[in-house]
Every structure is written in structure tokens, then in C-alpha cells.
């Protein structure tokens, strides 16, 4: 498997394309990050107080530059979620490998930011279904974890349908802050039967 930080793969199905974020996505993504109904579902844990609510191009463009900076230093990958129906960016997915002194170690931490008009279980399933299986190999992890607060009912419904389970464990931030409301999906182990 190629290094995801040298060659970012593209995934697609009949509804969505996941590809590396581009500067040209700024206007479409501004509609995501200025969507007041979407922002409460974004995971800003461990992000230095940023709430990911951006209302101008002048705010959005440096954020995309920062995502490139993190990609180039192998910090995380930020994919743009493109809806084939409208040929527009309707969100992003961030993924990275997390090693820590808590339960969420050797973990692929996934953040999904999408417009509120896509915050429905059937849409979330179509999006996440593209990235879940390859994520274990791309990020060399045993589990995938993603946050869903109790008010994220459609997201929780989607996660459960995909096999995620609520983790009672707390994620400890780099400054010691405790974060909850995570759902996890362990990698399925292949079982080989001897004949």
C-alpha cells in the first residue's frame, strides 16, 4: 500500500467522490463551514478552541492552507466530499493515525464535516462507506473512532448501521482535556479455517 501522505487516493461510488482537498474548493466549503446548523456536529476536540465556524473566504482560505501544511508534515489527510448530484463539495473528512496513553491508541481518528442538508443517515452511510475499509491500512490502525454528540441522531443512526459502537472510554487531549461521545469500529479480523 502506498503512503497516503505521498499519494492521496480517490474513492467514489454512485453518489460521492472523496479526493484530496483543493484550494478551488474554498467557496463550496465556505457553505459547509458557515452552515450554523452543521457546525454543532463538527468535532473540534483537541483543536485549540477552533469551532470551525467560518463566514468569509478570508477565513476559509487559510484553513485550507493549514490542511495542506498538516498533510505535508504527515499530520492528517483532509479529503473533500464531492456530491456527484450537484458536482459540488459538500463537506470534508479528516483522518489520521493516533497514538496515545488512552483507549484511543493505534486508532484512525475520523472527523466528518458536512452541510446540514446532508446530515441524514442514508447520506452519511454512503460517504463513510467509501473510506472505512481502506482507512485501517492507510493509517495502520486497529480501530476507527469518530465523535457523535447525543444530539447527532442521524449520525449516530448511520454509525450504528455501519457497525460502530458507543465507547464509554474518554479521549484525553494533548493538554489533558477529557473528551467523550466517541463511537468506535474495530477492524474485522479475517478468520481462516483449515480444511
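The values are calculated or read from the model by the stated rules, or taken from the named source; none is laboratory data. The structure displayed is predicted, hence computed values, not measured ones. We place every Cβ from the backbone using ideal geometry, glycine too, and count neighbours over all the protein chains shown.
Scanning region 44-99 for residues that are under 27 Å from residue 172 (Cβ atoms), touching a strand residue (DSSP E or B) at 6+ places or on another chain (Cβ under 7 Å), at pLDDT 95 or above and assigned to a loop (DSSP other than H, G, I, E, B) yields 75, 76. Every listed requirement among (1) out of contact with any strand residue (DSSP E or B) (no Cβ under 6 Å at 6 or more places or on another chain); (2) surrounded by fewer than 19 Cβ atoms within 10 Å (Cβ to Cβ); (3) in a loop (DSSP other than H, G, I, E, B) is met by residue 27 save one, (3). Whether a residue is surrounded by fewer than 21 Cβ atoms within 10 Å (Cβ to Cβ) and either under 15 Å from residue 16 (Cβ atoms) or in contact (Cβ under 8 Å) with a residue 60 or more places away in the chain (or both) was assessed, and residue 111 passes this test. Please go through (1) surrounded by 15 or more Cβ atoms within 10 Å (Cβ to Cβ); (2) at pLDDT 95 or above for residue 153 and return the number of the only condition it doesn't satisfy. Failed condition: (1).
Tallying residues that are closer than 18 Å to residue 122 by Cα, assigned to a loop (DSSP other than H, G, I, E, B) and touching a strand residue (DSSP E or B) at 6+ places or on another chain (Cβ under 7 Å) within region 132-158 yields 1.
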